[in-house]
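Here the structure is laid out as structure tokens; the discussion comes afterwards.
The values are calculated or read from the model by the stated rules, or taken from the named source; none is laboratory data. Since we're looking at a predicted model, the values are computed, not measured. Quick reminder, even Gly has a Cβ in these numbers, built from the backbone with ideal geometry, and neighbours come from all protein chains shown. Keep in mind that these areas ignore ligands, DNA and RNA; they rest on the heavy atoms of the full protein, side chains included. Shrake-Rupley method; radii C 1.70, N 1.55, O 1.52, S 1.80 Å.
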Amino acid sequence: DTGVSQDPRHKITKRGQNVTFRCDPISEHNRLYWYRQTLGQGPEFLTYFQNEAQLEKSRLLSDRFSAERPKGSFSTLEIQRTEQGDSAMYLCASSFGGQEGYEQYFGPGTRLTVT
Amino acid sequence: RKEVEQDPGPFNVPEGATVAFNCTYSNSASQSFFWYRQDCRKEPKLLMSVYSSGNEDGRFTAQLNRASQYISLLIRDSKLSDSATYLCVVIPWMDSSYKLIFGSGTRLLVRP
């Protein structure tokens, strides 16, 4: 399967714990995005990488959130001191760069439940 | 006001019906427009891009009205498999990240 993969698919954690999610984009894609989706809403942009550089972060991304893409391949999203409001689906997407690369391919998501 | 607004539905239609969804966007300088489809508990997938001249893909027709900041999706001859949430998506003008701005989605239920 050469699509976008995410791990884990589900995560249940207690409030205050740290969690880390991984995303493996389509191998030739240089752009990688993280989105968050809550029930009944569309996905909301969190952050964007071009290769290994994190070029944009949403105001939704509080200082408890950090994302990396160390070698321009896979990416991790860490949430420290989780809160119940962090419960959501975290979606990763990747695309080619440039004007022709609008289509973003999404992974299956990591569903986080904070108890 | 949300940047992209959609009627949440649900739209409950019989098989074979024609159904239309609308979407409005607030940023007049938006550059690109799409419809994504999302099945229950699955990831969004691109259904079609939306061009100023309008475009058609099989049973699906998308239209863009820049003056009214309005996007539409028409589905003809609805199938049971069309049941899903349809997300209206916009890319802001001059946004080099090409991040997607999603509406909340319109839910479609096609009944036998």
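Are any residues in region A:86-115 over 15 Å from the mean Cα position of the chain (by Cα) and either open to solvent by less than 60 Å² (accessible area, probe 1.4 Å) or within 14 Å of chain B (Cβ to nearest Cβ) (or both), and if so, which ones?
Start the filter on region A:86-115 by keeping residues that are over 15 Å from the mean Cα position of the chain (by Cα), which leaves A:96-103, A:113-115.
Within region A:86-115, A:96, A:97, A:98, A:99, A:100, A:101, A:102, A:103, A:113, A:114 qualify.
Consider residue A:22 against the criteria (1) basic (Lys, Arg); (2) under 30 Å from residue B:8 (Cα atoms); (3) at pLDDT 95 or above: it satisfies all of them except one. Which criterion is unmet?
Tallying (1) basic (Lys, Arg); (2) under 30 Å from residue B:8 (Cα atoms); (3) at pLDDT 95 or above, residue A:22 fails exactly one: (2).
Between a first residue in region B:100-111 that is on the phi > 0 side of the Ramachandran plot and a second residue that is of a type in the set (S, T, N, Q), which pairs have beta carbons less than 7 Å apart while being 6 or more apart in sequence or on different chains?
Qualifying pairs under 7 Å: B:105/B:6; B:105/B:38; B:105/B:85.
For region B:10-25, give me each residue that is within 13 Å of chain A (Cβ to nearest Cβ) and open to solvent by less than 30 Å² (accessible area, probe 1.4 Å).
B:23, B:25
Which ones in region A:66-81 are surrounded by fewer than 21 Cβ atoms within 10 Å (Cβ to Cβ) and among the hydroxyl-bearing types (Ser, Thr, Tyr)?
If the condition is that a residue be surrounded by fewer than 21 Cβ atoms within 10 Å (Cβ to Cβ) and among the hydroxyl-bearing types (Ser, Thr, Tyr), then A:66, A:73, A:76 are the ones that fit.
For residue B:80, which of the numbered conditions (1) modelled with pLDDT of 95 or more; (2) surrounded by 17 or more Cβ atoms within 10 Å (Cβ to Cβ) fails to hold?
Evaluating residue B:80 over (1) modelled with pLDDT of 95 or more; (2) surrounded by 17 or more Cβ atoms within 10 Å (Cβ to Cβ) leaves (2) as the failure.
Among the candidates A:52, A:56, which residue alone is within 12 Å of chain B (Cβ to nearest Cβ), without any contact (Cβ under 8 Å) to a residue 60 or more places away in the chain and either surrounded by fewer than 18 Cβ atoms within 10 Å (Cβ to Cβ) or farther than 20 Å from residue B:37 by Cα (or both)?
Details: A:52 fails: within 12 Å of chain B (Cβ to nearest Cβ).
It is A:56.
Take region B:72-112 and flag every residue that is aliphatic (A, V, I, L, M) and part of a strand (DSSP E or B). Lay out the reasoning, then the answer.
The initial filter retains those residues of region B:72-112 that are aliphatic (A, V, I, L, M), namely B:73-75, B:80, B:84, B:87, B:89-91, B:94, B:100-101, B:108-110.
Hits for region B:72-112 are B:73, B:74, B:75, B:84, B:87, B:89, B:90, B:91, B:101, B:108, B:109, B:110.
From B:30, B:78, B:53, which residue is free of Cβ contacts under 8 Å to residues at least 60 places away in the same chain, out of contact with any helix residue (DSSP H, G or I) (no Cβ under 8 Å at 6 or more places or on another chain) and not aliphatic (A, V, I, L, M)? Break it down into steps so the answer makes sense when it comes.
Numbers: B:30 fails: free of Cβ contacts under 8 Å to residues at least 60 places away in the same chain; B:78 fails: free of Cβ contacts under 8 Å to residues at least 60 places away in the same chain.
After ruling out the rest, the residue left standing is B:53.
Residue by residue, here is whether (1) within 22 Å of residue B:96 (Cα to Cα); (2) among the small types (Gly, Ala, Ser); (3) assigned to a strand (DSSP E or B) holds:
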site: A:17; (1), (2), (3): no, no, no
site: A:22; (1), (2), (3): no, no, yes
site: A:26; (1), (2), (3): yes, no, no
site: A:29; (1), (2), (3): yes, no, no
site: A:48; (1), (2), (3): yes, no, yes
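Output the residue which, of all residues in region A:34-46 that are in a loop (DSSP other than H, G, I, E, B) and at the interface with chain B (Cβ under 8 Å from one of its Cβ atoms), is surrounded by the most Cβ atoms within 10 Å (Cβ to Cβ). Outline the logic, then answer.
Here is the first cut: in region A:34-46, the residues in a loop (DSSP other than H, G, I, E, B) are A:38-43.
Filter again for at the interface with chain B (Cβ under 8 Å from one of its Cβ atoms), leaving A:40-43.
On the way: A:40: 10, A:41: 16, A:42: 23, A:43: 29.
Top of the filtered list is A:43.
Suppose we keep only residues that are closer than 25 Å to residue A:38 by Cβ and of a type in the set (D, E, K, R) within region B:49-101. Which one would you say is farthest from the other protein chains (Cβ to nearest Cβ)? Step through it out loud before you land on a result.
Kept after step one, since they are closer than 25 Å to residue A:38 by Cβ, are these residues of region B:49-101: B:71, B:73, B:82-92, B:95, B:97-101.
Subset that is of a type in the set (D, E, K, R): B:82, B:95, B:99.
Values: B:82: 19, B:95: 9, B:99: 5 Å.
My answer is B:82.
I need the strands (runs of 3 or more DSSP E) fully contained in region A:53-100, keeping only those with at least 3 residues that are out of contact with any Gly (no Cβ under 8 Å at 6 or more places or on another chain). Can you show your working first?
Working: elements: A:53-57, A:65-68, A:75-79, A:88-95.
Output list reads A:53-57, A:65-68, A:75-79.
Quick check on region B:34-44. Is at least one of its residues more than 10 Å from every other protein chain (Cβ to nearest Cβ), among the charged types (D, E, K, R), closer than 23 Å to residue A:5 by Cα and assigned to a strand (DSSP E or B)? Full working, then the answer.
First, pick out the residues of region B:34-44 that are more than 10 Å from every other protein chain (Cβ to nearest Cβ): B:35, B:37, B:39-40.
If we keep only those that are among the charged types (D, E, K, R) too, we end up with B:37, B:39.
In the following step, the residues that additionally are closer than 23 Å to residue A:5 by Cα were identified as B:37, B:39.
Filter once more, keeping what is assigned to a strand (DSSP E or B): B:37.
Within region B:34-44, one or more residues are more than 10 Å from every other protein chain (Cβ to nearest Cβ), among the charged types (D, E, K, R), closer than 23 Å to residue A:5 by Cα and assigned to a strand (DSSP E or B).
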